[in-house]
1. Would you confirm whether any residue within the range 69-78 is touching a strand residue (DSSP E or B) at 6+ places or on another chain (Cβ under 7 Å) and within 16 Å of ligand 1 (Cβ to nearest atom)?
2. Taking the conditions exactly as written (within 16 Å of the chain's Cα centre (by Cα), charged (D, E, K, R) and surrounded by 14 or more Cβ atoms within 10 Å (Cβ to Cβ)), does GLU131 satisfy them or not?
3. Take the range 11-35 and flag every residue that is within 18 Å of the chain's Cα centre (by Cα) and either at pLDDT below 90 or charged (D, E, K, R) (or both).
4. State all residues of the range 197-217 that are within 18 Å of SER50 (Cβ to Cβ) and either aromatic (Phe, Trp, Tyr) or surrounded by fewer than 20 Cβ atoms within 10 Å (Cβ to Cβ) (or both); if no residue qualifies, say none.
5. Could you please find all residues in the range 184-196 being over 17 Å from ILE229 (Cβ atoms) and surrounded by fewer than 19 Cβ atoms within 10 Å (Cβ to Cβ)?
6. Looking at the range 181-196, which of its residues are in contact (Cβ under 8 Å) with a residue 24 or more places away in the chain and over 22 Å from THR51 (Cα atoms)?
7. Enumerate the pairs (first residue in the range 76-100 and farther than 17 Å from LEU152 by Cα; second residue anywhere and of a type outside the set (A, V, I, L, M, F, W, C) and within 16 Å of ligand 1 (Cβ to nearest atom)) with beta-carbon separation below 7 Å, excluding pairs fewer than 6 apart on the same chain, so at least 6 apart or on different chains.
8. Which of the numbered conditions does LEU31 fail, given that it passes all the others? Conditions: (1) closer than 27 Å to ILE226 by Cα; (2) away from ligand 2 (no atom under 16 Å from the Cβ); (3) in a loop (DSSP other than H, G, I, E, B); (4) of a type in the set (A, V, I, L, M).
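The values are calculated or read from the model by the stated rules, or taken from the named source; none is laboratory data. Computed from a predicted structure; not experimentally measured. Here the Cβ is made from the backbone with ideal geometry for all residues, glycine too, and neighbour counts use every protein chain on show.
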Amino acid sequence: MKKTKVTDEKFIIENFVYNVKGNEILNIKHLELPQNSVIAVLGNNGVGKSTFAKCLCGLLPKTKGVLNIHGKKYNDRKRRELCYMVMQDVNHQLFSESVMDDVMLGIKGDEITKKEKAHEILKALDIDEYEDVHPMSLSGGQKQRVAIAGALASHKEILIYDEPTSGLDYTHMIEVANCLQQIAKTGKTQFVITHDPELVAECCDYFIFIDNGKVTDQGEWNKGNIEKIKKYFLKSC
Ligand SMILES: Nc1ncnc2c1ncn2[C@@H]1O[C@H](COP(=O)(O)OP(=O)(O)O)[C@@H](O)[C@H]1O
Ligand SMILES: [Mg+2]
């Protein structure tokens with residue numbers, strides 16, 4: 001798939017630091033990323049990827065870090081208005097009596113507009129046949145796609161997905177990848193925490209590598225980095 005061009009506009013993170021009982025879980029002093037791209041967040045289990053995502057979304061208590069975009073500084077409270085996170089356990093995120101109602105929650109407008117837009121998104125993710133079904137009656141993979149539909153429906157500028165394709169088969173992984181690329185064209189910045197090399201290859205155009213709470217590597221989707229990422233996945237499989 002053709003990648004979107006990484007932009008020159010900067011997305012700057014400062015002082016994303018998080019400690020629990022004296023243990024440093026996250027320590028990112030300064031990180032510059034391209035806006036409007038799909039950024040893979042890579043790293044082994046327990047290194048701080050989900051903590052980074054929560055910090056970015058302003059969901060961690062007592063973090064003082066800021067995000068600089070469009071010449072403005074966003075503290076944790078302001079980042080909550082900017083970011084939408086699809087959590088690793090999507091069961092915490094599906095609240096409504098039907099799939100349709102869940103997706104409509106994030107859409108603005110009158111009932112007809114909301115329904116039409118929700119239907120469009122659900123169709124794109126190949127789950128429109130479950131529109132009237134209770135989300136809790138769906139399989140893990142289907143629930144994941146409903147939660148992603150909720151993210152697409154939101155008006156948020158920054159979308160973060162925590163392992164969005166775990167439990168999905170290849171066809172549905174490709175559909176998710178296509179959706180992320182579609183969303184990228186609308187000017188949003190997306191972060192994808194993943195252990196899925198195929199998802200990275202399909203839709204990410206930049207990566208960061210986290211180890212021990214720090215960003216130890218980052219870069220664009222070029223030949224050298226593709227080789228490096230391939231080696232990482234081969235080693236971690
Ligand atoms: N609220 C918390 N209390 C205690 N330990 C935590 C907390 N949040 C994260 N951790 C620890 O921080 C480390 C990073 O966790 P996490 O961000 O979930 O890693 P990843 O998503 O990369 O697997 C892990 O060792 C985890 O146990
Ligand atoms: Mg995690």
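1. Filtering the range 69-78 down to residues touching a strand residue (DSSP E or B) at 6+ places or on another chain (Cβ under 7 Å) leaves 69, 73-75.
Adding the requirement that they be within 16 Å of ligand 1 (Cβ to nearest atom) leaves none.
No, the range 69-78 contains no residue that is touching a strand residue (DSSP E or B) at 6+ places or on another chain (Cβ under 7 Å) and within 16 Å of ligand 1 (Cβ to nearest atom).
2. Working: within 16 Å of the chain's Cα centre (by Cα): no; charged (D, E, K, R): yes; surrounded by 14 or more Cβ atoms within 10 Å (Cβ to Cβ): yes.
It is false that GLU131 is within 16 Å of the chain's Cα centre (by Cα), charged (D, E, K, R) and surrounded by 14 or more Cβ atoms within 10 Å (Cβ to Cβ).
3. Within the range 11-35, just GLU32 meets the criteria.
4. Going residue by residue through the range 197-217, those that are within 18 Å of SER50 (Cβ to Cβ) are 199-200, 204, 207-216.
Residues satisfying the conditions are PHE207, PHE209, ASP211, ASN212, LYS214, THR216.
5. LYS185, THR186, GLY187
6. The initial filter retains those residues of the range 181-196 that are in contact (Cβ under 8 Å) with a residue 24 or more places away in the chain, namely 181-185, 187-196.
GLN181, GLN182, ILE183, ALA184, LYS185, GLY187 - these are the residues of the range 181-196 that are in contact (Cβ under 8 Å) with a residue 24 or more places away in the chain and over 22 Å from THR51 (Cα atoms).
7. Between residues of the range 76-100 that are farther than 17 Å from LEU152 by Cα and residues that are of a type outside the set (A, V, I, L, M, F, W, C) and within 16 Å of ligand 1 (Cβ to nearest atom), the close pairs are ASP76/GLY58; ASP76/THR63; ARG77/GLY58; ARG79/GLY58.
8. (3)
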